[in-house]
Amino acid sequence: MVSERLVSLQHQFPSDFGMRPRSLDDVDRWKAVEYRRLLLYTGHVVLKDVLPEEFYDHFMCLSVAICILVSSKLSAKYHAYAHQLLVFFVEKSKTLYADEFLVYNVHSLIHLSYEAVVHGSLENCSAWKFQSFMQVLKKLVRSGKNPLAQVVKRMVERNFCPFPPASNSSMKYSAESVSSASPNNAYTTTHGHFCEIYVKNLSV
């Protein structure tokens, strides 16, 4: 049922997410971004009424806490509440999943709220930007021989003849890049509001 729900969401995700949801049959090949998406976005929907209520509520404690801590506005105001949720999640894990579940990574969750306070949010101290930059580095490698030397040579070449800056999500949208086709027609404004663009049929 979870797999069916994940697959049914494939056409609901805008291109900003990169990879579309995959079935649990592929979970051994999931990337980190797919686990992140399950935690922050899809898990609320696909796990509801499938997991027993106590397990679902336990998952939601983790999800809500991380949703707070990845937002600079929410983490500034609710970091203490997020910390309480994470402490509860770790303590309850022993009851639900036995001692074997309490590995170092699970224990580390209780320190995340502190990191969010120090850095402004978890987004400011995560490795996602570095992971995304790997695509830029991969494009500089043209063969399997001496990849590091190839990267250095390409970077030196760029210093002498710089390319236009790579596009990124922080740049302003141009009129040509705005889409009215679902699901890529949802945007946030500079004031933090959400909007959806659509073309109105004016034919009489």
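Nothing in this text is a laboratory measurement; each read-out follows from the coordinates by a stated rule. Since the model is a prediction, treat every value here as computed from it, not as a measurement. A quick note on method: Cβ atoms are made from the backbone with ideal geometry, for glycine too, and the neighbour counts reach across all protein chains shown.
Each residue of segment 35-48 is assigned a 3J(HN,Hα), and the resulting list reads 5, 4, 5, 4, 5, 8, 10, 8, x, 4, 8, 6, 9, 5 Hz, derived from the Karplus form 6.51 cos²θ - 1.76 cosθ + 1.60 (θ = phi - 60°), x at Gly and Pro. Going from the residue with the fewest nearby Cβ atoms within 10 Å to the one with the most, Thr190, Thr95 rank Thr190, Thr95. Each of (i) 26, 20, 16; (ii) 58, 17, 14; (iii) 33, 26, 20 is a candidate for semi-axes √(5λ) of the Cα gyration tensor in Å; the one calculated from this structure is (iii).
Residue-wise HN-Hα couplings along segment 136-141, as the Karplus relation 6.51 cos²θ - 1.76 cosθ + 1.60 with θ = phi - 60° gives them from phi, are 5, 5, 4, 5, 7, 9 Hz; Gly and Pro carry x.
Please state the shape class of segment 75-151: rounded when a/c is under 1.5, otherwise prolate if a/b exceeds b/c and oblate if not, all from the C-alpha gyration tensor. Each step should come with its number before you reach the end.
On the way: a/c = 4.86, a/b = 1.95, b/c = 2.50.
Because a/c hits 1.5 or more and a/b fails to exceed b/c, segment 75-151 counts as oblate.
Among Phe89, Phe17, what is the fewest-to-most ranking by other Cβ atoms within 10 Å? Spell out each step's value before the answer.
On the way: Phe89 22, Phe17 14.
If I rank by nearby Cβ atoms, fewest first, I get Phe17, Phe89.
Residues whose amide H comes within less than 5 Å of that of Gly120, counting only those at least five positions distant or on another chain, are absent (H built at 1.01 Å from N in the peptide plane).
Which of rounded, prolate or oblate describes segment 1-106 when judged by the alpha-carbon gyration tensor and an a/c cut-off of 1.5? Oblate shape, in that a/c is at least 1.5 and b/c is the bigger or equal ratio.
Note on the chain: with a GNM built from Cα contacts shorter than 10 Å, the maximum mean-square fluctuation among Ser72, Ser126, Ser180 falls on Ser180. Each of Cys61, Cys125 was scored by other Cβ atoms within 10 Å of its Cβ. Listed from fewest to most, they are Cys125, Cys61. Between Val117 and Lys48, the FRET efficiency from the beta-carbon distance, with R0 = 25 Å, is close to 0.20.
Determine the relative contact order of the chain: mean sequence separation of Cα pairs under 8 Å and six or more apart, normalised by residue count, in whole percent. It would help to have the intermediate numbers written out before the result.
Values: 156 pairs, mean separation 32.7, N = 204.
Result for the chain is 16 percent.
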